[in-house]
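What follows is a single structure, written as structure tokens, with notes after it.
The values are calculated or read from the model by the stated rules, or taken from the named source; none is laboratory data. Bear in mind that the values here come from a model prediction, so they are computed numbers and not experimental data. Virtual Cβ from ideal backbone geometry, glycine too; neighbours counted across all protein chains shown. With ligands, DNA and RNA removed, areas are computed over all heavy atoms of the protein, side chains included. Shrake-Rupley method; radii C 1.70, N 1.55, O 1.52, S 1.80 Å.
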Amino acid sequence: MGTKDQKGFLPQLLIYALLICIGFIYLYPILHMISSSFMSLDDLLDSSIKWIPSTLNIDNYIQAAKSMDFWRSLWQSIVIAGLPTLCNLVSCSIIGYGLARYDFPGKFVVMGIIILNFVLPSQATMIPTYTLYTDMGLLGTLWSFVLPAALGMGLNSSIFILIFWQFFRQIPKVLIEAAKIDGAGQFKAFARIALPSAKPAFITVALFSFVWYWNESYLTELYVHGVMTDSGWTTLVIQLNDFASNYSDYAQTAVSGAISLNESLSMAGTMLSILPLLLMYFVLQRHFVESIDRTGITGE
């Protein structure tokens, strides 16, 4: 059982067994998707093949990419998720700094509205928002995502404001006061003192915001892609939602090589839609974990 200073074999065995079970629950769908995406139609029909395909059928990814118009959809997905994310970083950092460093009448009311906005689901305000965007002429354009994000009212912006608010509270007030004594104004102190030290908060907000905008299919299709008229803007997630109809259109126009839709093609399309996020996470996971840890530390 071990001692107070060191865990014994049995506690470590239980911990690792629990972690392996939890990890398997999360990894099983991804591993099954990867395995199925490389299978041919013969492998799908062969009951003896469960995990390892007889051959790596890369043609599934080629046909799925063509039916999804992958490169165009990928670029537009990056733009649709990236521009509101940049706006969120600017607006939410300014709002969070103002709430953390300044006292003004009605401050607690503003904080309450921000928390209420976070608790209130977007589906509850979807109809009035759609009417508002229609009157403003924002439907079918990127402005329906960019403008709210620039004003601190983007997708889940409330939690981003709270993250910046919590982080800026950690910065010692003496640093801001010293900058003011040296002649720095409010904005210069914010730019020279607060922003450089808020790198962990910026990484956390950027990743969360980008992933949430990337995975948001319903609001993107409603506001940006356009329900009544096709604006030309689309994302990989929207293409995946319409994968069956898109592939049917592709199969009818393909010169050769197109086969009927099956599970392997659907899995390949799903893999293509999440692959950019997986690559981004593998590259930034160390910074992301450190940022999550630092943004949760309370300070002065």
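Results for (1) over 23 Å from ASN156 (Cβ atoms); (2) without any contact (Cβ under 8 Å) to a residue 24 or more places away in the chain; (3) basic (Lys, Arg), shown as yes or no for each residue.
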| site | (1), (2), (3) |
| --- | --- |
| ASP59 | yes, no, no |
| LYS66 | yes, no, yes |
| LEU83 | no, no, no |
| ASN88 | no, no, no |
| SER91 | no, no, no |
| ILE95 | no, no, no |
| ASP103 | yes, yes, no |
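All conditions in (1) farther than 27 Å from GLY154 by Cα; (2) in contact (Cβ under 8 Å) with a residue 12 or more places away in the chain hold for ILE15, with the sole exception of (2). Checked against the criterion of being closer than 27 Å to ASP242 by Cα and open to solvent by 60 Å² or more (accessible area, probe 1.4 Å), the candidates LEU31, LEU19 yield just one match: LEU31.
Can you tell me how many residues within region 174-201 are more than 17 Å from TYR102 (Cα to Cα), among the small types (Gly, Ala, Ser) and assigned to a helix (DSSP H, G or I)? So that I can check it myself, show each step before the final result.
The initial filter retains those residues of region 174-201 that are more than 17 Å from TYR102 (Cα to Cα), namely 181-183, 192, 196-201.
Applying the additional criterion that residues be among the small types (Gly, Ala, Ser) yields 183, 197-198, 201.
So of that shortlist, the ones also assigned to a helix (DSSP H, G or I) come out as 197, 201.
Qualifying residue count, region 174-201: 2.
Take PHE104 and tell me if it is at pLDDT below 85, surrounded by 10 or more Cβ atoms within 10 Å (Cβ to Cβ) and among the aromatic types (Phe, Trp, Tyr). Full working, then the answer.
Values: at pLDDT below 85: yes; surrounded by 10 or more Cβ atoms within 10 Å (Cβ to Cβ): no; among the aromatic types (Phe, Trp, Tyr): yes.
When the stated conditions are applied, PHE104 does not pass them.
Residue count for region 34-56, restricted to those that are crowded, with 19+ Cβ neighbours inside 10 Å, in a loop (DSSP other than H, G, I, E, B) and of a type in the set (S, T, N, Q): 1. Just need a number here: residues in region 194-212 that are open to solvent by 30 Å² or more (accessible area, probe 1.4 Å) and over 14 Å from ARG169 (Cβ atoms). Total meeting the criteria: 9. Contact map, region 145-173: first residue crowded, with 18+ Cβ neighbours inside 10 Å and assigned to a helix (DSSP H, G or I), second residue modelled with pLDDT under 85 and of a type in the set (D, E, K, R), Cβ cut-off under 7 Å, separation 6 or more or different chains; pairs are PHE168/ARG101.
Part of a helix (DSSP H, G or I) and modelled with pLDDT under 85: is that true of GLN123 in this structure? The answer is yes for GLN123.
Which one is modelled with the highest pLDDT among residues in region 240-288 that are under 25 Å from the mean Cα position of the chain (by Cα) and surrounded by fewer than 11 Cβ atoms within 10 Å (Cβ to Cβ)?
Step one: filter region 240-288 for residues under 25 Å from the mean Cα position of the chain (by Cα), giving 240-244, 246, 265-288.
Of the ones still in play, those that are also surrounded by fewer than 11 Cβ atoms within 10 Å (Cβ to Cβ) are 279, 282-283, 286.
Details: LEU279: 87, PHE282: 81, VAL283: 80, ARG286: 71.
If we take residues in region 240-288 being under 25 Å from the mean Cα position of the chain (by Cα) and surrounded by fewer than 11 Cβ atoms within 10 Å (Cβ to Cβ), then LEU279 is modelled with the highest pLDDT.
If we keep just the residues of region 59-94 that are of a type in the set (D, E, K, R), at pLDDT below 90 and in a helix (DSSP H, G or I), which is most open to solvent (accessible area, probe 1.4 Å)?
Taking region 59-94 as the starting set, the residues that turn out to be of a type in the set (D, E, K, R) are 59, 66, 69, 72.
Within this subset, residues satisfying the condition of being at pLDDT below 90 are 59, 66, 69.
Subsequent filtering for residues that are in a helix (DSSP H, G or I) retains 59, 66.
On the way: ASP59: 63, LYS66: 127 Å².
Only one residue tops the list, namely LYS66.
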